[in-house]
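Some notes on the structure that comes next.
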Amino acid sequence: MMVGSIVLFGPPGAGKGTQAGRIVDLTGKPQVSTGDMLRSAVKAGSPMGMAAKKFMDAGLLVPDEVIIGLIEERLQEDDADSGVLFDGFPRTIPQAESLERIADVTSVISIEVPDDAIVERIVGRRMDPETGEIYHVTFKPAPTEIESRLIQRPDDNEDTVRARLEAYHTQTAPLADWYAERGLLISIDGNASIEEVGSSVEAAVRTND
């Protein structure tokens, strides 16, 4: 499989979590998310973790240089010898430029889904508070007997979702062109079934091994 690291990105609700698990299974590369790294570093009390904690405690965004420092630490761990899967990072071109200096990114998989499809996916989600199971009013209707107890998460509304999409298009979507210029971008049509998207992701991984 691929020597070097993989970047996975796409809009909120594109199904990155499901496909990240598939990529990990296919490649054996550990999945690295900045949220998990921050929590682990703070818990471990590492210098970078303590630096991050100061910003988090103050309710501020952790600066890029601290995130990059955490990634650099993570890449020294034994399970990262053959690269990692970056999930949700980089989010901006400056972050990608910094990442380029410390990691060998050999493939970038972009899951692309139209905004209206994303809105339909997220706004239609409902959760069973008793089991945590997620349903969807169109794609995965709940059994009739539990419909009355289902809830919609407060941020699963159209205004919030479109605001998140606008932020994604402004900050993260330009990464597609940036990585395409470097010959690393593989675009996946995410507006299909989970199985079809998974097959496309698997083909992308195998083509680049």
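A few remarks follow.
- The lone exception for Glu65 - which of (1) surrounded by 15 or more Cβ atoms within 10 Å (Cβ to Cβ); (2) of a type outside the set (A, V, I, L, M, F, W, C); (3) at pLDDT 90 or above it fails: (1)
- When the stretch 150-165 is filtered for residues that are part of a helix (DSSP H, G or I) and among the charged types (D, E, K, R), the ones remaining, listed by number, are Glu158, Asp159, Arg162, Arg164.
- Residues satisfying the stated conditions in the stretch 24-44, i.e. among the β-branched types (Val, Ile, Thr) and modelled with pLDDT under 90: Thr34, Val42
- Odd one out for Asp116, checked against (1) of a type outside the set (Phe, Trp, Tyr); (2) under 20 Å from the mean Cα position of the chain (by Cα); (3) surrounded by 14 or more Cβ atoms within 10 Å (Cβ to Cβ): (3)
- Some residue of the stretch 101-112 being closer than 30 Å to Pro154 by Cα and surrounded by fewer than 20 Cβ atoms within 10 Å (Cβ to Cβ): yes
- So Thr172, is it crowded, with 18+ Cβ neighbours inside 10 Å and in contact with a strand residue (DSSP E or B) (Cβ under 9 Å, 6 or more places away or on another chain): yes
- Hey, Leu8 over 24 Å from Ala180 (Cα atoms) and touching a residue at least 12 places away in the same chain (Cβ under 8 Å) or not: no
The values are calculated or read from the model by the stated rules, or taken from the named source; none is laboratory data. What you see is a predicted model, and the numbers here were worked out from it, not measured in a lab. For neighbour counting, all protein chains shown are included, and Cβ atoms are generated from backbone atoms with ideal geometry for every residue, glycine included.
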